[in-house]
Amino acid sequence: MWGKDRTFKELFKVVTQIHKDHMLSRLIIRNYALIENLNISFSERLNILTGETGAGKSIILGALSLLLGQRAEGKSFFNQEKKCVIEGRFSIANYGLDRFFEEKDLDYEAETVLRREITPDGKSRAFINDTPVNLATLRELGSALIDIHSQHATMEINDENFQTLMVDTLAANDILLQKYQENFRKYRNTVARIRRLEEENLQAKNDYDYYQFQFSELELASLQQGEQEQMELELEQLSHAEEIKRAFLGALSLIQDSESNALQSLKESLSYVQAAARYLPSVSPIASRLESVLIELKDLSAELETIEQRTNINEQRSADLNERLTLIYNLENKHRVGSVEDLLVIQQQLSDKLNSISTIDEELLTLKEEAVVLKAELITLSDTLSASRNAVIPDIEEKVKALLTEVGMPNAQLKIENVLLDEDMLNNFGRNKIQFLFSANKGQLPAPMNKVASGGELSRLMLSVKSLISQHIALPTIIFDEIDTGISGEVALKVGRIMERLSQGMQVISITHLPQIASRGENHYFVYKDEQGDKTQSNIVKLSEEERIQEIAKMLSGQNPGESALKNARELLDIGN
């Protein structure tokens, strides 16, 4: 299954490169909340979204979340009579997702379209490249395409598998980890096979005596194909032997034994005709025919007499046949079949089962020997992985600390704990338990991030980590939702620079209120409310260079920026050029 762990693994196997295609190329939103019709094309690098609080930035994110498989909570339509449609176009050629599409039986397209439709009555439908899918499938693909990060979101940085894969990525363990995981799959399958065979063996040994009894019973019966039908016919004849003899004797009596038997009558008839033939030559053929009939009747009489003499009343033979047939009928009833041929099939099946039971022990011994060899190889590979991880951890900690300092957290540190587990605790990543420990302040001991890191600290830590990882692999589009809360000035400028560097290897979309970050974007979009008649709707527009200067100046000084603010805005944009 393509679950959370699987997504991480696939992403981390992508060939190291700076991507040429961006992930989310276009987002279309129709009839959702305050949005009537919105169509946005994004840059492949850093995209900035700004606008006043309540203008609709969160609505865009909400629509995007629905597109990525989040359940629709209630109905929120611009027009209550029309359905809501959210569509995203993603360029995915460089992201190794072919296998996902193959497993889900979906058409793979380099530009893949995700679409979500919600009708006014609350019914929801999801599509990938126009093929209907369930929300679970949409979520699985969505998790590989977009990573939405806000201060209050739980990020994969807290996930143990993500932490391990991050270390492996920076340690260039791709080939080694792949070899280990292939061997681990073999080992796991072998162990599973051993368990199944042991269960089968236990059950088989419990059933052995029963199978042996049934087989011996059938074998002792010495069944022969076709014997049932033959015996049933013979028994039928023996049961009616008296009737058969009476019939033959009656026929013989009429032919040869009674006073007016047929043979005597026919002889007399022949004498009369032969006498007439002496005077009437034309009657001679009739005489010849009567003679032939007489001869044939004598032969028939002899055959009837033979058969009658052979027909005997044999009570012992009838008893033997009844006994044999009773045995066969009982066996057929017992095994719920209707013929000797079926019983012979069952006998062969029982023989096969008995033979297989005798070979399970041999197969188990072979599999257990294989498992020992595989486990030894896995331990060697896991030790190599562990050593490689230990070697790169200090460098990761140092680089992350430098990045955290750059984003205004000079006393923060990331400690990576790598514990070597017992040999019996092998898992899909070796036998290491990697845990990220974080400390934001002097004198604070590093602890698990979900216990000590605030939303803002976690956001900047994630920014630093993703910036480091993106130098090695292609990551999904990341969306930062106002992670700049609580920073300003020079720190904000540095955060903007890191985002800009991050966008050199992946698509970044940042919703921000800080001009220092907004100035670093390749594309700048402004979200605003527009009142038309009795309705308010949210719109978005891509800003021109002059419009960007005005917007950033407003972010610096307020609604009516002076020349000084405009100058500062130009300077910030010059930095971004």
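Things worth noting here:
- Taking the conditions (1) closer than 30 Å to residue 332 by Cα; (2) outside any helix (DSSP H, G or I); (3) free of Cβ contacts under 8 Å to residues at least 40 places away in the same chain in turn, residue 279 satisfies each one other than (1).
- Any hit, the stretch 59-71, residues being of a type outside the set (Lys, Arg), farther than 30 Å from residue 497 by Cα and surrounded by fewer than 18 Cβ atoms within 10 Å (Cβ to Cβ): yes
- For residue 340, the conditions (1) among the hydrophobic types (A, V, I, L, M, F, W, C); (2) free of Cβ contacts under 8 Å to residues at least 24 places away in the same chain; (3) surrounded by 13 or more Cβ atoms within 10 Å (Cβ to Cβ) all hold with the exception of (2).
- Scanning the stretch 119-133 for residues that are surrounded by 11 or more Cβ atoms within 10 Å (Cβ to Cβ) and touching a strand residue (DSSP E or B) at 6+ places or on another chain (Cβ under 9 Å) gives 119, 120, 124, 125, 126, 127, 128, 129, 133.
- The C-beta contact set for the stretch 352-374 (first residue under 16 Å from residue 211 (Cα atoms), second residue surrounded by 14 or more Cβ atoms within 10 Å (Cβ to Cβ) and of a type in the set (A, V, I, L, M), distance under 8 angstrom, 6+ apart or interchain) comprises 353/204; 356/204; 357/204; 360/197; 360/204.
- Residue count, the stretch 66-90 (criterion: under 16 Å from residue 538 (Cβ atoms) and either in a loop (DSSP other than H, G, I, E, B) or within 28 Å of the chain's Cα centre (by Cα) (or both)): 6
- Candidate set from the stretch 187-211 (those that are of a type in the set (Lys, Arg) and surrounded by 15 or more Cβ atoms within 10 Å (Cβ to Cβ)); member that is nearest to residue 396 (Cα to Cα): 188
- Verdict on residue 518 being under 21 Å from residue 478 (Cβ atoms), of a type in the set (Gly, Ala, Ser) and in contact with a helix residue (DSSP H, G or I) (Cβ under 8 Å, 6 or more places away or on another chain): yes
- Filter result (surrounded by fewer than 19 Cβ atoms within 10 Å (Cβ to Cβ) and among the hydrophobic types (A, V, I, L, M, F, W, C)) within the stretch 532-555: 541
- Residue count for the stretch 503-525 under the criterion of being aliphatic (A, V, I, L, M) and either without any contact (Cβ under 8 Å) to a residue 60 or more places away in the chain or in contact with a Gly (Cβ under 7 Å, 6 or more places away or on another chain) (or both): the result is 2.
- Listed by position, the strands (runs of 3 or more DSSP E) enclosed by the stretch 459-577 that each have at least 3 residues that are over 41 Å from the mean Cα position of the chain (by Cα) and either modelled with pLDDT under 85 or farther than 30 Å from residue 174 by Cα (or both) are 523-532, 535-542.
- Some residue of the stretch 257-272 being more than 30 Å from residue 345 (Cβ to Cβ), of a type in the set (A, V, I, L, M, F, W, C) and modelled with pLDDT of 80 or more: no
- Pairs with Cβ under 7 Å, 6+ apart, first in the stretch 429-457 and buried (at least 18 other Cβ atoms within 10 Å of the Cβ), second among the aromatic types (Phe, Trp, Tyr): 430/180; 446/438; 449/436; 449/438; 453/438
- When residue 223 is tested against (1) free of Cβ contacts under 8 Å to residues at least 12 places away in the same chain; (2) within 17 Å of residue 334 (Cα to Cα), just one condition goes unmet, and that condition is (1).
- The single condition among (1) part of a helix (DSSP H, G or I); (2) surrounded by fewer than 15 Cβ atoms within 10 Å (Cβ to Cβ) that residue 225 does not meet is (1).
- Filter pass, residue 116 being more than 15 Å from the chain's Cα centre (by Cα), surrounded by 21 or more Cβ atoms within 10 Å (Cβ to Cβ), more than 30 Å from residue 472 (Cα to Cα) and of a type outside the set (A, V, I, L, M): yes
- No other residue among 328, 307 is farther than 20 Å from residue 229 by Cα, part of a helix (DSSP H, G or I) and out of contact with any strand residue (DSSP E or B) (no Cβ under 7 Å at 6 or more places or on another chain) apart from 307.
- Residue 273 vs. criteria among the aliphatic types (A, V, I, L, M), loosely packed, with under 15 Cβ neighbours inside 10 Å and over 30 Å from residue 215 (Cα atoms): no
- The residue that is surrounded by the most Cβ atoms within 10 Å (Cβ to Cβ), counting only those in the stretch 36-58 that are closer than 24 Å to residue 536 by Cβ and of a type in the set (Gly, Ala, Ser), is 56.
The values are calculated or read from the model by the stated rules, or taken from the named source; none is laboratory data. No experiment lies behind these values; they were computed from the predicted model shown. Methodologically, a virtual Cβ is constructed for each residue, glycine included, from the backbone with ideal geometry; neighbour enumeration extends over all protein chains shown.
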